[in-house]
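The values are calculated or read from the model by the stated rules, or taken from the named source; none is laboratory data. Because the structure is a prediction, the values reported are computed rather than measured. Here the Cβ positions follow ideal geometry from the backbone for every residue, glycine too, while neighbour counts run over all protein chains shown.
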């Protein structure tokens with residue numbers, strides 16, 4: 001089992017979107033995957049999997065009132081462990097015991113993805129102590145990248161292996177930081193560039209991950225490529241001639 005933490009220096013960069021879509025692609029590749037919402041005070045993960053009001057959540061597990069497997073919801077082969085929508089339910093919750101529970105109850109899974117809280121508060125630090133590898137999600141602007149610098153330093157001090165940077169919501173405009181500039185600032189490789197697309201918002205309105213809603217759009221293909229990096233095999237939807245033409249035109253339009 002590999003525990004992957006998905007982190008961001010600030011909110012709004014699409015961290016939960018990356019975590020949820022990555023989990024679905026792992027599942028499509030035949031891997032047993034569980035995604036755990038570690039953002040117990042501002043949960044959104046369930047909204048990406050078509051549920052949000054649940055009688056049980058990760059707080060019940062941490063308080064000893066439920067087993068981890070009893071809390072998990074199944075969505076297209078992905079086990080989803082939600083956090084509570086009500087922030088008062090998270091009062092006094094300590095995430096420090098979660099790693100032991102994951103190692104005990106999710107031992108048969110190939111991947112456990114931690115959707116962490118943005119920033120560098122107590123929730124983020126607790127998640128960092130659990131994970132073996134980390135992905136940093138950032139948008140290509142100076143504010144988000146500056147916050148990512150802080151996150152990389154903290155994760156490095158904690159001994160967490162940082163797999164790389166995922167640049168999300170990339171418009172392809174000259175005013176954005178390029179991948180090379182981001183790598184120079186963060187001293188970490190950019191392992192994926194996810195183009196901005198309104199299809200992300202369309203998928204969220206339907207409460208399903210983009211890789212299900214529009215499997216062959218350019219952002220979805222980039223997420224498939226990101227997942228392939230971890231499973232060490234190519235996970236890619238089959239593209240027909242029409243799909244390839246659409247992707248070619250989409251790339252051309254983005255460069256105008």
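Computed quantities for the displayed model
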{"quantity": "Enumeration of residues in the range 62-82 that are buried (at least 16 other Cβ atoms within 10 Å of the Cβ), modelled with pLDDT of 90 or more and either closer than 15 Å to residue 41 by Cα or out of contact with any strand residue (DSSP E or B) (no Cβ under 6 Å at 6 or more places or on another chain) (or both)", "calculated": "75, 81, 82"}
{"quantity": "Wholly within the range 102-193, helices (runs of 4 or more DSSP H) carrying at least 1 residues that are closer than 14 Å to residue 4 by Cα and in contact (Cβ under 8 Å) with a residue 24 or more places away in the chain", "calculated": "122-130, 142-157"}
{"quantity": "Filter pass, residue 229 being at pLDDT below 80 and either touching a strand residue (DSSP E or B) at 6+ places or on another chain (Cβ under 8 Å) or closer than 17 Å to residue 28 by Cβ (or both)", "calculated": "no"}
{"quantity": "Near pairs, Cβ below 7 angstrom, 6+ apart or cross-chain, from the range 47-71 (within 26 Å of residue 204 (Cα to Cα)) to any residue that is modelled with pLDDT under 90 and loosely packed, with under 14 Cβ neighbours inside 10 Å", "calculated": "56/70"}
{"quantity": "Condition met for residue 89 (within 19 Å of residue 9 (Cβ to Cβ), out of contact with any strand residue (DSSP E or B) (no Cβ under 9 Å at 6 or more places or on another chain) and either modelled with pLDDT of 90 or more or not in a strand (DSSP E or B) (or both))", "calculated": "no"}
{"quantity": "Single condition residue 30 does not satisfy, out of (1) at pLDDT 90 or above; (2) surrounded by 15 or more Cβ atoms within 10 Å (Cβ to Cβ); (3) more than 17 Å from the chain's Cα centre (by Cα)", "calculated": "(2)"}
{"quantity": "Checklist (1) at pLDDT 90 or above; (2) surrounded by fewer than 14 Cβ atoms within 10 Å (Cβ to Cβ) applied to residue 121, failing item", "calculated": "(1)"}
{"quantity": "Scan of the range 88-101 for residues that are under 22 Å from residue 162 (Cα atoms) and touching a residue at least 24 places away in the same chain (Cβ under 8 Å), ordered by number", "calculated": "95, 96, 98, 99"}
{"quantity": "Number of the exception - residue 12 against (1) in contact with a helix residue (DSSP H, G or I) (Cβ under 7 Å, 6 or more places away or on another chain); (2) surrounded by fewer than 19 Cβ atoms within 10 Å (Cβ to Cβ)", "calculated": "(1)"}
{"quantity": "Some residue of the range 42-53 being part of a loop (DSSP other than H, G, I, E, B), under 30 Å from residue 193 (Cβ atoms), modelled with pLDDT of 90 or more and over 13 Å from the mean Cα position of the chain (by Cα)", "calculated": "yes"}
{"quantity": "Sole exception among (1) in contact with a helix residue (DSSP H, G or I) (Cβ under 8 Å, 6 or more places away or on another chain); (2) at positive phi for residue 47, by number", "calculated": "(2)"}
{"quantity": "Some residue of the range 224-231 being over 15 Å from the mean Cα position of the chain (by Cα) and surrounded by fewer than 17 Cβ atoms within 10 Å (Cβ to Cβ)", "calculated": "yes"}
